[in-house]
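Notes follow once the structure below has been shown.
The values are calculated or read from the model by the stated rules, or taken from the named source; none is laboratory data. Fair warning: this is a prediction, and the values are worked out from it, not measured in the lab. Neighbour counts run over all protein chains shown; Cβ positions are idealised from the backbone, glycine included.
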Amino acid sequence: MKKINKYLGFLTIIIGLGLSSCQESEAPKIQDLPADNSAEQSTINLYHKLKRLAPNYTLFGHQDNLAYGIGWAYEEGKSDVKEVVGDYPALYGWDAGGIGGEKNLDGVPFKEMQRWMKEVHQRGGVNTLSWHVYSPVDSLSSWETDKMVVSHILPGGKNHEGYLTRLDDLASFFKGLKLENGEHVPVIFRPFHENNGNWFWWGEKHCSTEGYKMIFRFTVDYFRSKGVHNLLYAYSPDRIFETKDKYLERYPGDDYVDILGLDDYWDFKEQGGGINEVIKKLEIISVIAQEKGKLCAFTETGLELVSDNKWFTEKLYKIINTNNLTKNIAYVMVWRNGRPDHYYVPYKGHEAEADFKAFYDKGDILFETDLKTISENGIVLKALQTASVTKN
Ligand code: BMA
């Protein structure tokens, strides 16, 4: 019975997508354009692609996937995800912490990062960049929380110039993502994340609500003034909110954000709230995204060491598939496979390997190859195959 329902579900999706694709051939509505009204076409295309896929599919992403994994580093083409499922993720996370230097905070050379980002884009994948900004007050790290950094780097502050240098470095990085047609690789840029925690210098206790909004807006406006128009912007508080209003307390505004995000590791821990809390938070961001005509995403999550062998199918997949609100998330990204005591994707030989493969096989979870099989009316081949397999 369940199987038939699933098949009928897919048919409904197919018919639904068929209809909506007719509507999509009309001129896009205002809210179907990115917040940057000078966004390059490549960026508009990415936005439209995600909008079209989001109601029925979820892209799977992994931080630093091409750079290193468990037991290896900087081996061209290698990926822990690919080793296990035979395919790359659909979305790749990177981090700009340390920009201005040669390597980022986790040792990834910025030149290589740019090259990978171009390759990913050319293969049909999606790139997102977070920014563990080193404090411009002392150049130490993002975790310097004792100096009220934000007030010092806003215009008029004693470290403003230092912040501008960082922004100029990052602007050149974005401009360096130039494609042969003169456009740039579109990037989902996710600055000042987890703003409601207190572990980063832009966290709730370390700057005022207004200060946070000002630095976010200043950053976006600065890039725009420098001609950087290949960015979609994500706002991604941590799970510490219970209501829409609390989530939006530090929201910089619709002109500055394209994607409403959620970072949540905590609720998967023993001390955490469990999957119902994750579902609740995703529902909140999904409602806001719908009201604002924007995207929503599970911007960072994971279970360290993948210590539950069924986490991908029994927790993550179930959460995403709870209802139409949770299904609406455009992508989910798990964190990096950094060290043997710090990783979020099972590697070859790991006990959760089979479960991750089962997650990969889900018709509505997209990996890189799936992005090449989107039909005219927005259906991904794997979904059709899964539907017919299920039917038999
Ligand atoms: C944290 C950890 C750190 C890393 C930082 C930035 O979650 O993975 O080891 O330096 O993210 O990527």
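A few points about this structure:
- Yes/no for Ile284 being buried (at least 20 other Cβ atoms within 10 Å of the Cβ), among the hydrophobic types (A, V, I, L, M, F, W, C) and more than 24 Å from Tyr92 (Cβ to Cβ): yes
- Within the stretch 245-276, tally of residues that are charged (D, E, K, R) and within 20 Å of the chain's Cα centre (by Cα): 7
- Test: residue in the stretch 123-131 that is away from the ligand (no atom under 16 Å from the Cβ), among the hydrophobic types (A, V, I, L, M, F, W, C) and closer than 30 Å to Ile374 by Cα: yes
- Any chance Asp364 is surrounded by fewer than 22 Cβ atoms within 10 Å (Cβ to Cβ), within 16 Å of the ligand (Cβ to nearest atom), touching a residue at least 24 places away in the same chain (Cβ under 8 Å) and over 17 Å from Val84 (Cα atoms): no
- In the stretch 329-344, the residue that is nearest to the ligand (Cβ to nearest atom) out of those that are more than 10 Å from the chain's Cα centre (by Cα) and assigned to a strand (DSSP E or B) is His342.
- Inside the stretch 50-86, residues that are at positive phi and either away from the ligand (no atom under 16 Å from the Cβ) or among the β-branched types (Val, Ile, Thr) (or both) make up a count of 4.
- The stretch 147-169, subset within 28 Å of the chain's Cα centre (by Cα) and in a loop (DSSP other than H, G, I, E, B), residue surrounded by the most Cβ atoms within 10 Å (Cβ to Cβ): Leu154
- Every residue from the stretch 201-238 that is outside any helix (DSSP H, G or I) and under 21 Å from Asp169 (Cα atoms): Trp201, Trp202, Lys226, Gly227, Val228, His229, Asn230, Leu231, Leu232, Tyr233, Ala234
- Among residues of the stretch 330-345 that are within 29 Å of His48 (Cα to Cα), none has a Cβ under 9 angstrom from a residue that is at pLDDT below 95 and crowded, with 21+ Cβ neighbours inside 10 Å at a sequence gap of 6+ or on a separate chain.
- Of all the criteria given as (1) touching a Lys or Arg at 6+ places or on another chain (Cβ under 9 Å); (2) more than 30 Å from Glu210 (Cβ to Cβ); (3) within 15 Å of the ligand (Cβ to nearest atom), the one not satisfied by Ser135 is (2).
- Hits in the stretch 117-146 - residues which are part of a loop (DSSP other than H, G, I, E, B) and aliphatic (A, V, I, L, M): Val133, Val137, Leu140
- Cross-chain or 6+ apart pairs with Cβ under 6 Å, the stretch 292-305 first and within 24 Å of Asp341 (Cβ to Cβ) and at pLDDT 95 or above, then in a helix (DSSP H, G or I) and of a type in the set (A, V, I, L, M, F, W, C): Leu303/Phe268; Leu303/Trp311
Results for (1) under 25 Å from Ile284 (Cβ atoms); (2) of a type in the set (Gly, Ala, Ser), shown as yes or no for each residue.
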site: Pro191; (1), (2): yes, no
site: Glu194; (1), (2): yes, no
site: Tyr212; (1), (2): yes, no
site: Ile215; (1), (2): yes, no
site: Phe218; (1), (2): no, no
site: Val228; (1), (2): no, no
site: Ser236; (1), (2): yes, yes
site: Arg250; (1), (2): yes, no
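- Residues of the stretch 253-264 that turn out to be surrounded by 15 or more Cβ atoms within 10 Å (Cβ to Cβ) and in contact (Cβ under 8 Å) with a residue 40 or more places away in the chain, as a count: 6
- Answer residue from the stretch 87-106, given it is in a loop (DSSP other than H, G, I, E, B), without any contact (Cβ under 8 Å) to a residue 40 or more places away in the chain and not charged (D, E, K, R) and is nearest to the ligand (Cβ to nearest atom) among those: Leu105
- Scope the stretch 239-252; condition surrounded by fewer than 18 Cβ atoms within 10 Å (Cβ to Cβ) and not in a loop (DSSP other than H, G, I, E, B); matching residues: Lys244, Asp245, Lys246
Yes/no per residue for (1) in contact with a His (Cβ under 9 Å, 6 or more places away or on another chain); (2) of a type in the set (Asp, Glu):
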| position | (1), (2) |
| --- | --- |
| Pro186 | yes, no |
| Pro191 | no, no |
| Asn198 | yes, no |
| Ser208 | no, no |
| Lys213 | no, no |
| Phe218 | no, no |
| Asp221 | no, yes |
| Arg224 | no, no |
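- Checking Phe192 against (1) touching a residue at least 60 places away in the same chain (Cβ under 8 Å); (2) more than 16 Å from the ligand (Cβ to nearest atom); (3) farther than 30 Å from Lys372 by Cβ; (4) surrounded by 22 or more Cβ atoms within 10 Å (Cβ to Cβ), the condition it does not meet: (2)
- In the stretch 90-140, the residues that are within 14 Å of the chain's Cα centre (by Cα) and among the polar types (S, T, N, Q): Asn127, Thr128, Ser130
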